[in-house]
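*Asks:* Submitted below is the structure of interest, expressed as structure tokens.
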Amino acid sequence: ALDPAARFTIDGEALRGETGLTKSQEAVLDLAAVGFTVRRILDVIPQPDAEVVEALQSLLDAEILRPA
């Protein structure tokens, strides 16, 4: 489970090696880059929460996102 108050940093090097990000993943990265929390990311992105959580988790698994 993700902490609703968690914020993230983006590993630019890992991101450069990534191709074919989904729209949800791109939206998560955009919001994480400006310091949004998990709770706020879920509130702002219009896709279903389960899809957004999946995008968040995939970015964490790929080590593109790291807990701040």
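*Asks:* Every residue in the range 1-41 that is open to solvent by less than 40 Å² (accessible area, probe 1.4 Å), touching a residue at least 12 places away in the same chain (Cβ under 8 Å) and not in a loop (DSSP other than H, G, I, E, B), please.
*Replies:* F8, A14, S24, Q25, A27, V28, L29, L31, A32, V38, I41
*Asks:* Looking at E54, E63, which is the one that is open to solvent by 90 Å² or more (accessible area, probe 1.4 Å) and touching an Asp or Glu at 6+ places or on another chain (Cβ under 7 Å)?
*Replies:* When all the criteria are applied, what remains is E63.
*Asks:* Here is a further query. Condition check: part of a helix (DSSP H, G or I) and charged (D, E, K, R). Does E54 satisfy that?
*Replies:* When the stated conditions are applied, E54 passes them.
*Asks:* Would you confirm whether any residue within the range 4-23 is more than 12 Å from the chain's Cα centre (by Cα) and at pLDDT 95 or above?
*Replies:* yes
The values are calculated or read from the model by the stated rules, or taken from the named source; none is laboratory data. Computed from a predicted structure; not experimentally measured. Neighbour counts are summed over all protein chains in view; Cβ atoms, including those assigned to glycine, are modelled from backbone coordinates with ideal geometry. Side chains are part of the model used for accessible areas, which takes the heavy atoms of the whole protein and leaves out ligands, DNA and RNA. Shrake-Rupley method; radii C 1.70, N 1.55, O 1.52, S 1.80 Å.
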